[in-house]
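Each remark here refers to the structure printed beneath this line.
The values are calculated or read from the model by the stated rules, or taken from the named source; none is laboratory data. None of these values were measured; they are calculated from a predicted model. Glycine also receives a Cβ, built like all others from the backbone with ideal geometry; neighbour counts cover every protein chain displayed. Just the protein is used for accessible areas: all its heavy atoms, side chains included, with ligands, DNA and RNA removed. Shrake-Rupley method; radii C 1.70, N 1.55, O 1.52, S 1.80 Å.
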Amino acid sequence: MTESIKPGNAVENRELPDTGRRNLLKLTGVGVAAIGAASFFNSSKAKAQNMTQEWDKVFPQSENVDHEKVTFKNRYGITLSGDLYLPKDRAHNRLPAIVVSGPFGAVKEQSSGLYAQTMAERGFVTLAFDPSYTGESGGEPRNVASPDTSTEDFMAGVDYLGLHNSVDRERIGVIGICGWGGMALSAVAVDKRVKAVVASTMYDMTRVMSKGYNDSVTLEQRTQTLEQLSRQRWEDAANGSPAYQPPYNELKGGEAQFLVDYHDYYMTPRGYHKRAVNSGNAWTQTTPLPFMNLPILTYIAEISPRPVLFIHGENAHSRYFSETAYAAAREPKELMIIPGASHVDLYDQMDKIPFDKLTSFFNQHLAA
């Protein structure tokens, strides 16, 4: 099922996408490279939702897991909304725990919740949460992000789990999916409480926003984008509210296959959720600014000696993000390539997501 690349084994070289795709993905204005699933600009004034108590996930509820809606605050005072999953057979034991989030622009009712519930079935207390300014979490304006806040949100999840009476606070791990794979690595580099981290089908959001896909954006294009975004700040200040990009993942024809894959997850019953930025909503136009100035993987080597597991699809357009991060990380580290898998397959395809590997990884590194 998988190819596991360990220290001393070379990662195979792969050709970059064809010239037409590379040209398509160059930043003009903010561009699709802003998050890897976008088109251009829209207006959206969605407000934070009150926390629903109904099961509105895109995956079925497990009979082997207790679930509850929870809230907790990050260091900036923003109230985050989460789903806590606990094994039904936990008795009164303090268990290892995992904080889960992602993808970037998704909500906890989608991929992160699926990962969290599945890992709870396997004996872990898990927390999937909505990042600040999105989903059911607090923060105004809506649908804005920054790498600093996102990194903090992961650490706030560790705060919450470390105070829970079912959790052994010395046995906490992190899973970041897609754009939150990079956030997970950023958080764990500085948060020494975390004992192990997994980045699944990861993006480095600061790299893709500042350099485009496959680092194809020129200095001239980057400068033009920053000029436009800088002046947009005056527009937003004059209006008293931010302008938004257009609806995400609406297809017009001729898109690259990975954009079609995003649409097939976020805009169909498979993964659509009304609160997700990626499900026909949008980020603010100026969201890319801090991502273009604050690289999040500068200190990835400082995760060591704690272990890192990278998981990526063989056919994923984003595979190079994991390969580069793997090369920069120190031991112990592992890169697991899933044969035949695309980027989006690792959002929800139960025959592709290597849950047995995730379980053995965390059982080993979160052992009592």
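Overview of values
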read-out: Residue-count net charge about Glu170 - beta-carbon cut-off 15 Å; Lys, Arg +1, Asp, Glu -1; value: +4
read-out: J(HN,Hα) series, the stretch 243-250, from Karplus relation 6.51 cos²θ - 1.76 cosθ + 1.60, nearest Hz, glycine and proline x; value: 7, 10, 6, x, x, 7, 6, 8
read-out: Average accessible surface area per residue within the stretch 226-266, 1.4 Å rolling probe, Å²; value: 55 Å²
read-out: Paramagnetic reach from Arg330 (point 7 Å along Cα→Cβ, amide N under 11 Å) across the stretch 286-322; value: 300-306
read-out: Descending semi-axes in whole angstrom, ellipsoid equivalent of the chain, from the Cα gyration tensor; value: 30, 24, 19
read-out: Extended-chain gain in nm, criterion 0.36 nm per residue less alpha-carbon gap, Glu170 and Gln228; value: 16.2 nm
read-out: Only Lys, Arg (+1) and Asp, Glu (-1) charged, at Cβ; the stretch 274-368 dipole about Cα centre in debye; value: 280 debye
read-out: GNM top mover of Thr268, Thr284, Thr118 - the chain, alpha-carbon springs below 10 Å; value: Thr268
read-out: Accessible surface of the chain [probe 1.4 Å, protein heavy atoms]: carbon and sulfur percent; value: 49 percent
read-out: Spacing of the two label points (7 Å from each Cα toward its C-beta) at Glu220 and Glu302, in nm; value: 3.8 nm
read-out: Heavy-atom SASA rank of Thr359, Thr218 (probe 1.4 Å, accessible area, largest first); value: Thr218, Thr359
read-out: Of Lys252/Lys333; Lys73/Lys211; Lys88/Lys352; Lys274/Lys333; Lys108/Lys352, those spanning more than 31 Å from alpha-carbon to alpha-carbon; value: Lys252/Lys333; Lys73/Lys211; Lys274/Lys333
read-out: Viscosity 1.306 mPa s, 10 °C: Kirkwood-radius Stokes-Einstein D of the stretch 146-246 over Cα pairs, µm²/s; value: 99 µm²/s
read-out: Rounded accessible area per residue of the stretch 70-147, 1.4 Å, Å²; value: 27 Å²
read-out: Highest average packing first - 269-277, 248-256, Cβ atoms within 10 Å; value: 269-277, 248-256
read-out: The stretch 200-328 shape via C-alpha gyration tensor axes, a/c threshold 1.5; value: oblate
read-out: For the chain, built as a Gaussian network whose Cα springs stay under 10 Å, the top-fluctuating residue of Ala156, Ala184, Ala199; value: Ala156
read-out: Cα gyration tensor shape for the stretch 93-136, rounded if a/c is under 1.5, else prolate or oblate; value: prolate
read-out: GNM top mover of Asp168, Asp348, Asp89 - the chain, alpha-carbon springs below 10 Å; value: Asp89
read-out: Furthest towards positive pole of dipole, Pro96, Phe72, Ser111, structure part the stretch 45-111, Cβ charges; value: Phe72
read-out: Cα gyration tensor shape for the stretch 297-368, rounded if a/c is under 1.5, else prolate or oblate; value: oblate
read-out: Backbone HN-Hα couplings from phi across the stretch 192-200 [Karplus 6.51/-1.76/1.60, Hz, Gly and Pro as x]; value: 6, 6, 7, 9, 6, 9, 10, 10, 9
read-out: Other-chain or far-sequence residues with amide H under 5 Å of Leu95's (modelled H); value: Val167, Asp168
